[in-house]
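Notes to accompany the following structure.
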Amino acid sequence: MTEPTFPPLLTGSAVDGQIDPFDKACVEAMKGCDAGVVVYNLGANTLRAALVFAPEVPLKDAMAMLPLCGVGFQNALGALAPPEVAVHLDWDGGMRINGASCGRLRVAASQTDPETPPDWLVVGFELPLWPESDDPGETPDTTTLYAEGCADVNARDLLESWARHTLAGINRWSDEGVEPLHKEWRGLAHGIGEDIEMDGKSGSYLGVDERFGLLIRDAETTHLIPLTTVLEAS
């Protein structure tokens with residue numbers, strides 16, 4: 001397979017299937033690699049990639065890169081898949097295709113203080129392409145890309161498209177602030193208005209605040225769960 005081509009400011013770095021691109025991107029970021037490195041693996045059954053950022057804003061604002069990468073994925077798949085294929089995003093990074101869970105986004109940073117700019121931040125995603133079982137009825141709440149009518153979507157093309165749309169989203173975020181991203185993400189958010197349980201809190205999922213903190217309303221009050229709570233240990 002021809003290696004993917006990335007837009008200016010982004011640099012591809014392929015790894016084999018034994019290496020998790022997300023973990024590799026975190027290691028390279030710790031070593032001081034430049035922002036814009038895309039570590040990826042075009043596996044036979046799974047597409048995995050991670051992008052290194054060097055934020056110049058506090059972590060609480062830089063966390064917007066997680067939903068931004070999710071919107072970038074929706075834009076990318078929307079440009080390649082049949083129009084009836086619907087992509088939605090869970091608050092904590094889960095991705096859904098036609099309502100069923102299909103992969104996830106992940107995020108890690110050099111530190112966890114929300115008021116301090118991190119030295120680096122990495123957002124990754126993993127997307128199952130083929131089902132592990134010949135009987136999809138065994139896992140009705142989960143799906144794969146090719147099980148949802150996207151068999152003609154080439155994984156390399158999807159990775160390239162994700163990189164382009166994500167870079168465009170970063171530029172727009174830099175120029176216009178978080179409001180356009182907030183509006184677009186809300187249109188893709190899964191489960192708003194439904195009951196949810198997260199980080200020990202349960203109630204109605206009201207939406208998010210201006211920094212994508214989760215708002216949960218129970219019988220007594222509204223709880224705010226910062227997006228930084230989904231950070232993985234680096």
Revision key, fill the gap. Once Lys31 and Ile19 are pulled to full extension, the length gained, defined as 0.36 nm per residue separation minus their Cα-Cα distance, is 2.6 nm
Exercise for review: Determine the per residue accessible area of the chain with all protein chains present and a 1.4 angstrom probe, expressed in square angstrom.
Suggested key: 49
Exercise for review: Indicate the gyration tensor shape class of the range 81-177 (rounded, prolate or oblate), computed on the Cα atoms with a ≥ b ≥ c the square roots of the eigenvalues: a/c under 1.5 is rounded; otherwise a/b larger than b/c is prolate and the rest oblate.
Suggested key: prolate
Exercise for review: Return the lysines within reach of Lys24: Cα separation strictly under 30 angstrom, same-chain partners fewer than 8 residues apart disregarded; answer none if there are no such residues.
Suggested key: Lys60
Review point. At a probe size of 1.4 Å, how large is the accessible area of Arg96, to the nearest 10 Å²?
Key: 50
Check your understanding: Dipole of the range 90-201, Cα-centred, from +1 at each Lys and Arg C-beta and -1 at each Asp and Glu C-beta, to the nearest 20 debye?
Key -> 400
Revision key, fill the gap. In terms of the charge dipole of the chain, which places +1 on Lys and Arg and -1 on Asp and Glu at the beta carbon, the residue among His182, Leu214, Leu47 farthest towards the positive end is His182
**Study point:** Of Val38, Leu127, Ser101, farthest towards positive along the dipole that unit charges on Lys, Arg, Asp, Glu beta carbons give the range 1-142
**Key:** Val38
Review point. Which distance in Å, rounded to a whole number, links the C-alpha centroids of the range 45-65 and the range 1-20?
Key: 16
Check your understanding: How much length is gained on full extension from Thr2 to Glu194, taking 0.36 nm per residue of separation minus their Cα-Cα distance?
Key -> 64.8 nm
Study note, to complete from the structure: Site Thr116, offset 7 angstrom along Cα→Cβ, radius 19 Å on amide nitrogen, limited to the range 52-92, gives 53-64
Check your understanding: When the chain is fully extended, how far beyond the present Cα-Cα distance does Trp130 get from Asp152, taking 0.36 nm per residue of separation?
Key -> 6.7 nm
Review point. What accessible area, in Å² to the nearest ten, does a 1.4 Å probe give for Leu214?
Key: 0
Review point. How much accessible surface does Tyr40 have with a 1.4 Å probe, in Å² rounded to 10?
Key: 10
Point to revise | Nearest-20 debye value, the chain charge dipole, Cβ charges on Lys, Arg, Asp, Glu | key: 480
Exercise for review: Please work out whether the range 31-91 counts as rounded, prolate or oblate from its C-alpha gyration tensor, where a ≥ b ≥ c are the square roots of the eigenvalues and a/c under 1.5 means rounded, while otherwise a/b larger than b/c means prolate and anything else oblate?
Suggested key: oblate
**Study point:** Accessible surface ranking that places the most exposed of Thr166, Thr228, Thr112 first, with a 1.4 angstrom probe
**Key:** Thr112, Thr228, Thr166
**Study point:** Percent accessible area from carbon and sulfur atoms, the chain, protein chains only, probe 1.4 Å
**Key:** 47
Exercise for review: If a/c stays under 1.5 just call it rounded; otherwise compare a/b with b/c (prolate if a/b is bigger, oblate if not). Do that for the range 1-112, with a ≥ b ≥ c from the square roots of the Cα gyration tensor eigenvalues.
Suggested key: oblate
Practice item. Give the percent of DSSP beta bridges with both residues in the range 50-152 that are antiparallel, rounded to the nearest 5. Key: 95
Point to revise | Spatial separation of Cα centroids for the range 210-234 and the range 106-122, in angstrom | key: 17
**Study point:** Residue order for Trp130, Trp162 - accessible surface, 1.4 angstrom probe, largest first
**Key:** Trp130, Trp162
Exercise for review: Provide Glu84, Glu28 ordered by accessible surface of protein heavy atoms (probe 1.4 Å), highest first.
Suggested key: Glu84, Glu28
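The values are calculated or read from the model by the stated rules, or taken from the named source; none is laboratory data. Just so we're clear, the structure is a prediction, and the values are computed from it rather than from any experiment. With ideal geometry, Cβ positions are generated from the backbone for all residues, glycine too; neighbour counts draw on all protein chains shown. Note: accessible area is taken over every heavy atom of the protein model, side chains too, but ligands, DNA and RNA are not part of it. Shrake-Rupley method; radii C 1.70, N 1.55, O 1.52, S 1.80 Å.
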